[in-house]
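A short write-up of the structure that comes next.
The values are calculated or read from the model by the stated rules, or taken from the named source; none is laboratory data. Predicted model, so just to flag it, every value in this text is computed and none were measured. With ideal geometry, Cβ positions are generated from the backbone for all residues, glycine too; neighbour counts draw on all protein chains shown.
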Amino acid sequence: MPDGKKEISKICRMYLTNGTIGRRVIPYLTDSMEATMSYNRDGLALSSDSRSKRQQILEAAYIVFSRNGYHRATVDEIIALADTGKGTVYNYFVNKEQLFYTLIKERSIPFDRALEEIVVSQEPPMEKIKAMIKVFLEFYIVNADLWRVMMHEVRGFGHDDETSSFTQEQREKYHQGFHDTIGMLEKVLAEGVSKGVFRECDVVKCAHGLFSVIVMLAFQKMAGDVEACAQMIADMFLYGVAKQ
C-alpha cells in the first residue's frame, strides 16, 4: 500500500474511534466513490490507476473537510494527507469548492439510488415512507460531520449569508440537491394522497418537516438503534402522538 493510502487508513481508524460518523464510514466511502465513472477536470475518462489516485484525494478530502469544516480546510492539507502533488489534485479538480462539491455528489449516489428504488417500487405509500426514513437515517448518521459542514455553508435551505464561503450560484446548486432529495418524499406523499392512504395535506411542507426531524435526530446523535428510531419517526409522522 502506498504511503499516502497507509496514512489515510491510519487517520480513518483514528477518526472512526474519536469522530461521530460511526464505523460504517469506510464501506460508504468506498461504495460511493466507486459507484460512478471518474473523469478529470476536462471531462476525460480516467484509467484505473488515475481513478485510484482520484479516489485517494477524495478520501483525504472527506477526512479534512469533516474534521476542519469547509472554511478551515485547505487543499494543501488534503494534498499532504493524500500524499500527492498539487498538480495532480488540480488535474482532477479546479479548486477547493469543486473538490468539495464532487465529494458531496459522489457520496450521495448510493443514497439517491436507494431512495429512487423505493419511490418507483410497488410497495404501498406507507411502507415506502417507512423504508425511506430508515435510508435517510442510515445515510445522515454516517455522513453527519460532512453534511453538517455543507449545511453550515449553504444554511440548509436558507437565505444569503455574508459569512458563507460560497457564492450565491454555488449555494444554489447545493440547495438543488436538498430539494431533489426532499422531492422524493414529496412524490411518495402525493402518491399516498392520490390513493386515499393519506389525507389531503401540503406535501411540500410535510416532506420538509419529516426531513428536518430525521436530520436533527441524526446530527444530535439521538437516533440510537436505527431500526427502532425509524419505526418511531414513522409512527409519529403517520399516526401522531395523541391517543386514538
| field | Odd one out for VAL154, checked against (1) surrounded by 13 or more Cβ atoms within 10 Å (Cβ to Cβ); (2) hydrophobic (A, V, I, L, M, F, W, C); (3) farther than 21 Å from ARG113 by Cα; (4) at pLDDT 90 or above | value | (4)
| request: Run ALA218 past the list (1) among the small types (Gly, Ala, Ser); (2) in contact (Cβ under 8 Å) with a residue 60 or more places away in the chain; (3) under 17 Å from LYS128 (Cα atoms) and report the number of the one that doesn't hold. | output: (3)
| query | Does the range 222-239 hold any residues that are loosely packed, with under 12 Cβ neighbours inside 10 Å and closer than 21 Å to PHE178 by Cα, and which are they? | reply | none
| request: Please go through the range 200-215 and pick out each residue that is among the β-branched types (Val, Ile, Thr) and touching a residue at least 60 places away in the same chain (Cβ under 8 Å). | output: ILE214, VAL215
| note | Taking the range 93-111 and keeping residues surrounded by fewer than 17 Cβ atoms within 10 Å (Cβ to Cβ) and either among the charged types (D, E, K, R) or under 18 Å from ALA82 (Cα atoms) (or both) leaves VAL94, ASN95, GLU97, GLN98, LYS105
| request: Give the range 116-133 a look and list any residue that's part of a helix (DSSP H, G or I), touching a residue at least 24 places away in the same chain (Cβ under 8 Å) and over 15 Å from THR181 (Cβ atoms), or say none. | output: PRO125, MET126, LYS130
